[in-house]
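Report on the following structure.
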Amino acid sequence: MPAYEELESEIIENGLCTYCGACIASCPLNHLCWMDGRPRRPEQKAACKDCEVCYRTCYMTGFKREEIEERIFGRGIKEEVIGIYRHVLQARVNDERILEKAQDGGIVTAILTYALDEKIIEGAVVTDKDGWMPKPSVARSSDDFIGAAGTKYGISPNLMKIRTAVIDHALDRICIVGTPCHVQSVRHLQQINFELHPAITLVIGLFCRGNFEYENICKTMEEEGVKITEIEKIDVSDHHFNVYARDKISFPITETKKWVPKHCLVCDDYTNELADISVGSDGSEDGWSTVIVRTEIGEEIFSGLENSGYINIKPIDDFDYIKEVSVRKGTKAAEGRRA
């Protein structure tokens, strides 16, 4: 019977762990925690001997993509490059308070706010930050959503907060916001009937070219004479990693390879293909968000948001570019798996 020891040796120590946090949320006795930048069991526990929950809830041990796609989507337009979808467009929220904090068009915050107002969800598991260090958080109000807005760079074990949201905060309907590794893990939890999965009502996926290790970002900034606390904004555009502090500092994306975690090098999902709604920026004009509506609930929520007048939408600027980036990531992932 595989248990934590096997999870640690096969997945965590073997460089396959994506640090999504699902194993921590799954532990029925709270023996696992986030420590030293990874999931750990601080002490060996007798109860773990006959328990395989954390091993089975890790999507790296038994991810069944075809079965998951069939369950989530049923039928839909199949675009091999970006997955199954219903609509692709660009959108921008009208609320200046959101736009002030948003990375692009503020659409993730707008979706969360609308879904909360309509009582579709009671809260969301999101990535917040401590300074610029990403951290998982349970957001339960529009102010919480706005406070957590904007892109963060670095690993955040968001799914460890599922148990916090459902058990500690007694939320029956939650949204999960995350990168492709978070979303794939969520879909695996739903597929294996994880005990808390009925509370997961909506899944918003973020486009992801690949994450960066926070410690390496800090080190590079220090070498440039910039303290992490002086940074006002970080973004990726035009093949550059841009940091806005006293002055704008840009690095070619090719120079950031040393910051990329090992698990990102073999990930081929750029547009977050298993989300209900995927959101990014590539393909849209500045200040707008690219939105891929994928599922029935995603369409229902986004249509309601659009009809409320809370956002503006228009056709996507450059769909081909999104496909191009997706193909490029897939190619790199294939090379990474062969290496």
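Read-outs throughout are calculated quantities, based only on the coordinates presented, and are distinct from any laboratory measurement. Not measured: the values here are computed from a predicted model. No Cβ is skipped: glycine too gets one built from the backbone with ideal geometry, and neighbour counts run over all protein chains shown.
Can you compute the FRET efficiency between Ser237 and Asn193 using 1/(1 + (r/R0)^6), with r the Cβ-Cβ distance and R0 = 41 Å? Round to the nearest 0.05.
For R0 = 41 Å, the calculated efficiency reads 0.50.
Taking the simple approach of a point 7 Å from Cα along Cα-to-Cβ for both Val266 and Ala334, what is their distance in nm?
1.7
Considering only Cα-Cα distances, which of the following residue pairs are longer than 26 Å: Lys49/Lys135; Lys257/Lys323; Lys101/Lys135?
Going by Cα-Cα distance, Lys49/Lys135 fall outside the 26 Å limit.
Relative contact order, percent, of the chain when contacts are C-alpha pairs under 8 Å separated by at least 6 residues?
21
Residue-wise, which Karplus ³J(HN,Hα) couplings in Hz belong to region 220-225, taking 6.51 cos²θ - 1.76 cosθ + 1.60, θ = phi - 60°, and x for glycine or proline?
Going residue by residue, I get 5, 4, 4, 5, 8, x Hz, with x marking Gly and Pro.
Highest first, please rank the peptides 38-49, 324-335, 273-284 by the mean number of other Cβ atoms sitting within 10 Å of their residues.
In decreasing order of mean packing, 38-49, 324-335, 273-284 become 273-284, 324-335, 38-49.
What base-10 log of the normalised intensity I(q)/I(0) is obtained for the chain from the Debye formula, alpha carbons as equal point scatterers, at q = 0.10, 0.11 Å⁻¹?
Taken in order of the listed q values, log10 I(q)/I(0) reads -0.57, -0.70.
Using packing as a proxy for protection, rank 224-234, 200-210 so that the peptide with the highest average count of other Cβ atoms within 10 Å comes first.
200-210, 224-234
Using only helices, what value at 222 nm comes out for the chain when you add -39,500 (n - 2.57) per DSSP H run of length 4 or more and divide by the total residues, to the nearest 500 deg cm²/dmol?
-8000 deg cm²/dmol
Beyond 18 Å, how much of the Cα-Cα pair distribution for region 123-237 remains, as a whole percent?
52
Report, by chain and number, residues whose modeled amide H sits under 5 Å from the one on Phe241, excluding near sequence neighbours (fewer than 5 apart, same chain).
Here the answer is Phe251, Ile253, since their amide H atoms fall under 5 Å of that of Phe241.
For the chain, what is the charge dipole size about the Cα centre, in debye to the nearest 20, if Lys and Arg each add +1 at the Cβ and Asp and Glu each add -1 at the Cβ?
That gives a dipole near 620 debye.
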